[in-house]
Amino acid sequence: MGDEWCTKVMFHYRWHREVDQAYSSRQIISDNTPGLRGEALIAAAQAITDRQVGRMPLVGCTEQNAPVIEGSYLELLDLLDSFATRDEFLFGTRPSLGDFGLFGQLKTLSEDHTPMLLMRDRTPSVYDWVRQLDDASGIDGEWHDFNQLRPAVTDLLAFTPRYYLSFTAANAQAYASSTQVETTINGMPYAQAPFKYQVKCLDRLKKRLADRTETHLFDLLEETGCLPYLT
C-alpha cells in the first residue's frame, strides 16, 4: 500500500498544481544536471513537466480522482501522527519494511512544495519522523509482540481496503475484461485505465497470505476489512 497507493499521492501533488510543477521540475533538472542554468534549465524543466503531466492519467492522477487522492494523504498523515516520534515505528522501536514502504513516498512528499507544507502544518511530528528515518543507521530497537500492536497498525490496515485494496480489486477485474477501472473509493468516484503491474501485486499478496495459518492474523485482517480482498 505504501509503495503503490502513496505513489499516486506523490505523483498527484508533484504535478497537479502549477506551483508544484514549477518547483518539482526545476528541482529534478537541477539534481540531474547540476551545471545547467538559465534558459537551458528552463527549457529542460518545461520538457520534463510536459512529459510527467502527460503521464498523470496513466497512474490515475486526474481531476476527477483528486479528492480521493488528497483525502487519503491527509488521513494517512493523521494516522501516522498518532505514534510518530524519533524512536517509534509501526511494529516496535525499530523500522520495518512497512515503515520503509511508507517512507519512500513520504520522503518526496515531505520535500515537494504543497505536500511538504501540508505535512509540516498539519502533522509536524510526521515531518520530523520522515526526516529522521532518512538515516536509521544505528537504531537497534525491539519488535512488539502481536498482542502489543499499536492502534495505528490496525488503523492503517483499515485504511488499506478503503483505498489501496479496493482499487487493486477493481483494477484486476477491469484488466481481466479489458475495460476501464470504474469504482468508488472511500465513497467517492474513481476511474483510470487498468494497470498490469498492480494485478501482479494483488496476486502476490494473495499468495503470501495463502501460506499463513495464524488465526490471530486472519482475525485481524477480517476485523479491518482486508481479508475479503486477499482470499
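Where a number appears in this text, it was derived from the coordinates with a stated rule and is not lab data. Just so it is clear, the model here is predicted, and its values are computed rather than measured. Note that each Cβ is placed from the backbone with ideal geometry, even for glycine, and that neighbours are counted across all protein chains shown.
Once you keep just the Cα pairs under 8 angstrom separated by 6 or more residues, what percentage relative contact order results for region 90-197?
22 percent
Compute the long axis of helix 166-177 from its Cα atoms, compare it with the longest principal axis of the Cα atoms of the chain, and write down the angle in degrees, 0 to 90, nearest 10.
Once rounded, one gets 80 degrees.
Rounded to whole Hz and in sequence order, give me ³J(HN,Hα) for region 113-125 from the Karplus expression 6.51 cos²θ - 1.76 cosθ + 1.60, θ = phi - 60°, writing x for Gly and Pro.
Result, ordered by residue: 4, 5, x, 5, 4, 4, 5, 5, 7, 7, 9, x, 5 Hz.
With axes computed from alpha carbons, what is the tilt in degrees of helix 5-15 against the longest principal axis of the chain, rounded to the nearest 10 within 0 to 90?
It works out to around 20 degrees.
Along the Cα→Cβ direction, 7 angstrom out, place labels at residue 145 and residue 223. What is the inter-label distance in nm?
So the two model labels end up 1.5 nm from each other.
Among 59, 139, 152, which residue has its Cα positioned farthest towards the positive end of the charge dipole of region 55-152, with +1 placed on the Cβ of Lys and Arg, -1 on the Cβ of Asp and Glu, and the dipole taken about the Cα centre?
Checking the options against the dipole of region 55-152, the answer is 59.
Checking the cross-link filter: which lysines have an alpha carbon closer than 28 Å to that of residue 206, excluding same-chain neighbours under 8 positions apart?
Cross-link targets: 8, 196.
Under the definition of Cα pairs under 8 Å and six or more residues apart, what whole-number percent is the relative contact order of the chain?
Result for the chain is 22 percent.
List residues of region 59-83, by number, whose backbone nitrogen lies under 16 Å from a label position 7 Å along Cα→C-beta of residue 180.
59-66
Cβ under 14 Å from residue 143's Cβ, residue 143 left aside: what net charge do those residues give with Lys, Arg +1 and Asp, Glu -1?
Taking every other residue near residue 143 into account, the sum is -4.
What per residue convex hull volume, in Å³, comes out for region 93-143 when only alpha-carbon positions are used?
69 Å³
Rank the residues 128, 121, 99 as a footprinting-exposure proxy: fewest other Cβ atoms within 10 Å of their Cβ go first.
The most exposed by this proxy come first: 121, 128, 99.
Within region 167-231, report the GluC sites (Glu not before Pro) that DSSP leaves as loop and that have at most 16 other Cβ atoms within 10 Å.
214
Hey, how many Å between the Cα centroid of region 5-73 and the Cα centroid of region 143-181?
26 Å
Between residue 210 and residue 135, what is the spin-label point distance in nm, taking each point 7 Å from the Cα along the Cα→C-beta axis?
4.5 nm
Computed from these coordinates, which is Rg/Rh (Cα atoms, Kirkwood Rh): (1) 0.99; (2) 1.50; (3) 0.94?
(1)
Residue by residue through region 60-68, which ³J(HN,Hα) values in whole Hz follow from phi under the Karplus form 6.51 cos²θ - 1.76 cosθ + 1.60 (θ = phi - 60°), with glycine and proline marked x?
Rounded to whole hertz, the list is x, 8, 10, 4, 4, 8, 4, x, 5.
Pairing the Cα long axis of helix 38-55 with the longest principal axis of the chain, what angle in degrees results, from 0 to 90 and rounded to the nearest 10?
Once rounded, the angle reads 40 degrees.
Starting from the Cα of residue 196, step 7 Å along the direction of its Cβ; do the same at residue 158; then give the gap between the two resulting points in nm.
Rounded to a tenth, the inter-label distance reads 3.8 nm.
Mind checking the dipole of the chain: about its Cα centre, +1 per Lys or Arg Cβ, -1 per Asp or Glu Cβ, Debye to the nearest 20?
For the chain, the charge dipole is close to 800 debye.
Under 5 Å between amide H atoms, partner at least 5 residues away or on a different chain: which partners does residue 144 have, H built in plane at 1.01 Å?
When sequence neighbours closer than 5 places are left aside, the close amide H contacts are 92, 93.
For region 130-231, run through the trypsin sites (Lys or Arg not before Pro) and keep only the ones in DSSP coil with at most 14 other Cβ atoms within 10 Å of their Cβ.
Sites meeting the loop and neighbour criteria: 212.
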